[in-house]
Amino acid sequence: MTAHDEIIRLREELNTHNYNYYVLNNPTISDFDFDTKLHQLQTLEADHPEFFDPNSPTQRVGSDLNEAFVQVPHKYSMLSLANTYSAGDVADFYERVRKALNDDFEIVCELKYDGTSISLTYENGALVRAVTRGDGVRGDDVTANVRTIRSIPLKLHGDYPSLFEIRGEILMPWTVFEKLNREREEQEESLFANPRNAASGTLKLQNSAEVARRQLDAYLYYLLGETLPTNTHYDNLQKAASWGFKISDAMKKCTSLQEILDYIAYWNTERKNLPVATDGMVLKVNDLRQQKNLGYTAKSPRWAIAYKFQAEKACTRLNSVSYQVGRTGAITPVANLDPVQLSGTVVKRASLHNADIIAGLDLHIGDMVFVEKGGEIIPKITAVDKEARFMLGDKIQFIKTCPECGTTLIRNEDEAAHYCPNEDGCPPQIKGKIEHFVSRKAMNIDGLGTETIALLYDNNLLHNTADIYELKVPDLARLERLGTKSAHNIKKAIENSKQVPFARVLFALGIRYVGETVAKKLANVFRSIDALRNASYEDLIAVDEIGERIALSVQKYFRKEEHCNLIERLKAAGLQFESSNTTAAVSDKLTGLSIIISGTFTHHSRDEYKALIESNGGKNVGSISSKTNYVLAGDNMGPAKLEKAQKLGIKIINENDFLAMIQ
């Protein structure tokens, strides 16, 4: 068997396994065996780049390309549906259809998934384009990101039309949503209100590798084209399922209004057991000829309507408001409530977010408040029952000093939150910074959990992160709930953490707004903590995706003497404050030149070209400015970068030109 034949065989086999796992939920191979076959295919494709195929299963992982999205016109406009919220409105819709058609008809009922709409175009069985709804006439081309979604087939099987479009919803499963929000909460980043916002934000990320990590899902619900396989909506989707698409098995054909109402009643309860969010259902006339006869209004089809579920809410008493201090000093007000049942759980507390929310609600102690779950996950107070006010307590006034250390709070003009500025003396901030430092994605020091850190802090053994590396086994062993064995394990984990690479050490420092991704970008450009400390504002914002807020935060961190002293202590302890992959100088042919890389290349990877630029004395930059000397452009260069380079008169070179420059 030739290499090409083996590549084709592996691609077909892996596509089948992907379909079994992500669409049918019926895997026929272990994860280990799948990964082994995928690795074999990656190796073969690397050895034979002439057989590259963008629809190969190996392309599911995404890339670190950072290009602007291109707007694409829709072949068929993506109209919105008219919404209805009551059984009476559904009955009115049914009656309008009956009178207009004056013929027998079926209504297809299907769940309305709460995500972000997508339009997929397939040519000869291969995905060629994925476009967001946009304004209904034009949308963003997000094909690279959609290729990472494993429930969307890259290659079809069966008897499909040569050209067609299929539409559906990109979703973030509840489990992924909850995990993502937990991670954001740990970093004190704003939480996504619901899976729809999270899915929409993820689909617009510029880094498709991060999109892949977030494990989006998709359900497809509408087939369009000139040569559709059948004359009914329901049968077309059943055909699409046979080609490899994930089609909801909750669809049902109904021939009477009562069947529709029974469907609504069933799913109004049962939807809470689904792995993804739904906010209603869609009712569509099944026959395509009848759809055409019914036609469209200016904004929506007359042959379909959306029924929206009412948000579940409850009324309960507000007993008090407490205030939590986060790792970065952010103050979060929390409403303490009489326990109330809501969406299957007992709710006792709800976030009030910030002072503006409290003022807008005009909250008083003892108020009867309405509580909803944002996306049915995060409890929030949406309103006050002012008619129920009786024997009111005090009006809620946002605190002016930190509840933990008494420091006067501050609030930046462009932010809604209040902060305690005493970051090196406020106990929750000190312990929070240590917890962040030892976390898995940072220094990964196993054994130092929240309770152990609090124990060490209370026993004056831990006041900052540098103290971790001065802990002694006897001191640890004598503490309650530890003992000699646990102490030795903790000490071993501390020693192992000294091998953690610079990017993660930088993330572990807990500089405000410097999350895991930003830390990697800064470490890749500046290579050492000293280079980062000495970077100018202009140097910082020249880094890809680093804006004013992050740049100012980094500079502010290094201006504090306490932070510089802490870093020196961590250096002395043996932590990695320099990138280990710093490229040795080869020549000075690019000295003084700033070069930006854009597109995909044939001879070398983007990272290899970045290393070549630095090893020959040049500087990699992440955004185009008047100070940029060259754009090293490959295939599919971002249109926004191309336009800006041409506008500023910056010379654009290809990889052959570049290689000639450094030879």
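The values are calculated or read from the model by the stated rules, or taken from the named source; none is laboratory data. Please read these numbers as outputs of a predicted model, since none were measured by experiment. Here Cβ is always computed from backbone atoms with ideal geometry, including for glycine, and neighbour counts include all displayed protein chains.
Filtering segment 337-359 down to residues that are assigned to a strand (DSSP E or B) and closer than 30 Å to Glu413 by Cα, which residue is modelled with the lowest pLDDT?
Taking segment 337-359 and keeping what is assigned to a strand (DSSP E or B), we get 337-342, 345-351.
Add one more test, that the residue is closer than 30 Å to Glu413 by Cα, and what stays is 349-351.
Numbers: Arg349: 89, Ala350: 89, Ser351: 83.
Once the filter is applied, the top-ranked residue is Ser351.
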Checklist outcome for this item: Counting only residues in segment 330-341 that are under 27 Å from the mean Cα position of the chain (by Cα) and among the aliphatic types (A, V, I, L, M), the one surrounded by the fewest Cβ atoms within 10 Å (Cβ to Cβ) is identified as Val334
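Just to check your reading of the model, which residue among Asn66, Asn83, Asn55 is at pLDDT below 85 and assigned by TED's automatic domain parsing to the domain that holds Glu169? Before you say what the answer is, go through the steps one by one.
Values: Asn66 fails: assigned by TED's automatic domain parsing to the domain that holds Glu169; Asn55 fails: assigned by TED's automatic domain parsing to the domain that holds Glu169.
None of the others qualify; the one that does is Asn83.
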Checklist entry - In segment 264-286, what residues are modelled with pLDDT of 95 or more and farther than 22 Å from Thr116 by Cα? => result Val285, Asn286
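Looking at this structure, is Glu480 over 12 Å from Ile434 (Cβ atoms), surrounded by fewer than 12 Cβ atoms within 10 Å (Cβ to Cβ), more than 34 Å from the chain's Cα centre (by Cα) and in the same structural domain as Lys433 (by TED's automatic domain parsing)? So that I can check it myself, show each step before the final result.
Numbers: over 12 Å from Ile434 (Cβ atoms): yes; surrounded by fewer than 12 Cβ atoms within 10 Å (Cβ to Cβ): yes; more than 34 Å from the chain's Cα centre (by Cα): yes; in the same structural domain as Lys433 (by TED's automatic domain parsing): yes.
Criteria met by Glu480.
Looking at the structure I just gave you, is Cys420 free of Cβ contacts under 8 Å to residues at least 40 places away in the same chain, of a type outside the set (Gly, Ala, Ser), within 30 Å of Asn460 (Cβ to Cβ) and in contact with a helix residue (DSSP H, G or I) (Cβ under 8 Å, 6 or more places away or on another chain)? Step through it out loud before you land on a result.
On the way: free of Cβ contacts under 8 Å to residues at least 40 places away in the same chain: no; of a type outside the set (Gly, Ala, Ser): yes; within 30 Å of Asn460 (Cβ to Cβ): yes; in contact with a helix residue (DSSP H, G or I) (Cβ under 8 Å, 6 or more places away or on another chain): yes.
Spelling it out, it is not the case that Cys420 is free of Cβ contacts under 8 Å to residues at least 40 places away in the same chain, of a type outside the set (Gly, Ala, Ser), within 30 Å of Asn460 (Cβ to Cβ) and in contact with a helix residue (DSSP H, G or I) (Cβ under 8 Å, 6 or more places away or on another chain).
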Next on the checklist: Please list, ordered by residue number, the strands (runs of 3 or more DSSP E) wholly in segment 90-186 having 1 or more residues that are modelled with pLDDT under 95 and among the hydroxyl-bearing types (Ser, Thr, Tyr).
Outcome noted: 107-113, 116-123, 126-132
Item to check | Odd one out for Lys75 among (1) at pLDDT 85 or above; (2) charged (D, E, K, R); (3) under 27 Å from the mean Cα position of the chain (by Cα) | outcome: (3)
Checklist entry - Do we find that Asn422 is surrounded by 15 or more Cβ atoms within 10 Å (Cβ to Cβ), assigned to a loop (DSSP other than H, G, I, E, B), outside the structural domain of His563 (by TED's automatic domain parsing) and of a type in the set (S, T, N, Q) in this structure? => result yes
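Restricting the search to segment 440-455, which residues are on the phi < 0 side of the Ramachandran plot, part of a loop (DSSP other than H, G, I, E, B) and surrounded by 17 or more Cβ atoms within 10 Å (Cβ to Cβ)? If you could, list the steps in order and put the result at the bottom.
Start the filter on segment 440-455 by keeping residues that are on the phi < 0 side of the Ramachandran plot, which leaves 440-443, 445-446, 448-455.
Then keep just the ones that are part of a loop (DSSP other than H, G, I, E, B); that gives 440-443, 445-446, 448-449.
Answer for segment 440-455, where residues must be on the phi < 0 side of the Ramachandran plot, part of a loop (DSSP other than H, G, I, E, B) and surrounded by 17 or more Cβ atoms within 10 Å (Cβ to Cβ): Ala442, Met443, Ile445, Leu448.
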Next on the checklist: Pull out all pairs, ordered by first then second residue, where Cβ-Cβ is under 7 Å, the residues are six or more apart or on different chains, the first lies in segment 329-358 and is at positive phi and of a type outside the set (Ser, Thr, Tyr), and the second is surrounded by fewer than 18 Cβ atoms within 10 Å (Cβ to Cβ) and modelled with pLDDT of 90 or more.
Outcome noted: Gly329/Pro421
Checklist outcome for this item: Condition set of a type in the set (A, V, I, L, M, F, W, C) and without any contact (Cβ under 8 Å) to a residue 24 or more places away in the chain, scope segment 125-180, selection surrounded by the fewest Cβ atoms within 10 Å (Cβ to Cβ): answer is Val128
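Looking only at segment 239-258, how many residues end up being within 17 Å of Tyr307 (Cβ to Cβ) and without any contact (Cβ under 8 Å) to a residue 40 or more places away in the chain?
Filtering segment 239-258 down to residues within 17 Å of Tyr307 (Cβ to Cβ) leaves 248, 250-254, 256-258.
Subsequent filtering for residues that are without any contact (Cβ under 8 Å) to a residue 40 or more places away in the chain retains 256, 258.
Adding up the residues that qualify gives 2.
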Checklist entry - Taking Glu178, is it out of contact with any Asp or Glu (no Cβ under 9 Å at 6 or more places or on another chain), of a type in the set (D, E, K, R) and farther than 16 Å from Ala277 by Cα? => result no
Next on the checklist: Which residue is modelled with the highest pLDDT, if the candidates are limited to segment 376-392 and must be within 27 Å of Lys272 (Cα to Cα) and outside any strand (DSSP E or B)?
Outcome noted: Ile377
Checklist outcome for this item: Only one of (1) surrounded by fewer than 17 Cβ atoms within 10 Å (Cβ to Cβ); (2) within 31 Å of the chain's Cα centre (by Cα); (3) modelled with pLDDT under 90; (4) outside any loop (DSSP other than H, G, I, E, B) does not apply to Lys373, and that is (1)
Next on the checklist: What's the total number of residues in segment 315-329 that are closer than 17 Å to Asn412 by Cβ and surrounded by fewer than 20 Cβ atoms within 10 Å (Cβ to Cβ)?
Outcome noted: 1
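If I filter segment 610-617 for residues that are more than 25 Å from Gln71 (Cβ to Cβ), acidic (Asp, Glu) and modelled with pLDDT of 90 or more, do I get at least one hit? Walk me through it before giving the result.
As a first pass, look at segment 610-617 and keep what is more than 25 Å from Gln71 (Cβ to Cβ): 610-617.
The next check asks that each one be acidic (Asp, Glu); those that pass are 614.
Then keep just the ones that are modelled with pLDDT of 90 or more; that gives none.
No, segment 610-617 has no match at all.
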Checklist entry - So which pairs qualify, if the first residue must be in segment 211-225 and assigned by TED's automatic domain parsing to the domain that holds Pro173 and farther than 14 Å from Lys246 by Cβ, the second must be assigned to a strand (DSSP E or B) and not β-branched (Val, Ile, Thr), the Cβ gap must be under 6 Å, and the two must be at least 6 apart or on different chains? => result Leu224/Glu165; Gly225/Phe164
Checklist entry - Which residues, counting only those in segment 396-419, are surrounded by fewer than 16 Cβ atoms within 10 Å (Cβ to Cβ) and within 29 Å of Glu312 (Cβ to Cβ)? => result Ala416
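Take the residues in segment 512-537 that are more than 17 Å from Ile567 (Cβ to Cβ) and without any contact (Cβ under 8 Å) to a residue 24 or more places away in the chain; name whichever of them is surrounded by the fewest Cβ atoms within 10 Å (Cβ to Cβ).
Ser536
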